Amino acid sequence: MLFTGSMSLLWLSYYGVSLVVLLAVYFALSFLPRLPRLVLTWGVAGAMWIPARFSLPLIEENEFYTGWAPAAMVSAVGFLEHSASALWGGLVWLLIGIALGACAGVALWWVRRPAAPTKRDPTKRGPSNHDDGDDDRPRAPRNAGPKRAAPKTRSAGGDTKRREPVIN
């Protein structure tokens, strides 16, 4: 196979699976308002996607294998191996990733936030809030049609209960 043992295929599959996890997190937080949901979701994305450098000792003396891995994995392995340098390096990058992700979530919210309601000026006319200035006569309200009587809520006997139809 062309991609067997490929590091780029490993990273590509990791990012593909992390997108599924990211969608699951977003939908799991659907009970939250939009801003906290985006901040939390993108904070998780930053934690999953930020890489950190690591090094592992090899069997030969003074030789190390160095590479890149997700910062969460580097810090977890550093914690399990009681390696302060790996834990510190992974946690720093992990916190940077969470902060960058949260900033991306706030930026997405800011770009897609609902428009603030504008205050209508009573001197302006029309739905587009501009005065065409060609006539000074008062305009009829939009719903100015024949007035209908309000529906009666009480029957003639003063009964306030709802009456259901009877089928024989």
Problem - Out of 42, 68, sole residue that is open to solvent by 30 Å² or more (accessible area, probe 1.4 Å), touching a Pro at 6+ places or on another chain (Cβ under 8 Å) and not in a loop (DSSP other than H, G, I, E, B) - result: 68
Completion exercise
residue 100: passes all of (1) open to solvent by less than 70 Å² (accessible area, probe 1.4 Å); (2) within 27 Å of residue 11 (Cβ to Cβ) but (1)
Exercise for the section: Tell me which residues, restricted to the stretch 51-65, are hydrophobic (A, V, I, L, M, F, W, C) and open to solvent by 30 Å² or more (accessible area, probe 1.4 Å). Expected result: 54, 56, 58, 59, 64
Problem - Odd one out for residue 86 among (1) touching a residue at least 24 places away in the same chain (Cβ under 8 Å); (2) open to solvent by less than 70 Å² (accessible area, probe 1.4 Å); (3) within 29 Å of residue 109 (Cβ to Cβ) - result: (3)
Practice task
Would you check if residue 93 is touching a residue at least 40 places away in the same chain (Cβ under 8 Å), open to solvent by 80 Å² or more (accessible area, probe 1.4 Å) and assigned to a helix (DSSP H, G or I)?
Solution key: yes
Handout entry: Qualifying residues in the stretch 14-39 (those that are hydroxyl-bearing (Ser, Thr, Tyr) and within 18 Å of residue 50 (Cβ to Cβ)) - the one surrounded by the fewest Cβ atoms within 10 Å (Cβ to Cβ)
Key = 15
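The values are calculated or read from the model by the stated rules, or taken from the named source; none is laboratory data. All values reported here derive from a predicted model rather than from experimental measurement. In this analysis, Cβ positions are derived from the backbone assuming ideal geometry, glycine residues included, and neighbour counts consider all displayed protein chains. Just so you know, the surface numbers come from the protein's heavy atoms only, side chains and all, with ligands and any DNA or RNA stripped out. Shrake-Rupley method; radii C 1.70, N 1.55, O 1.52, S 1.80 Å.
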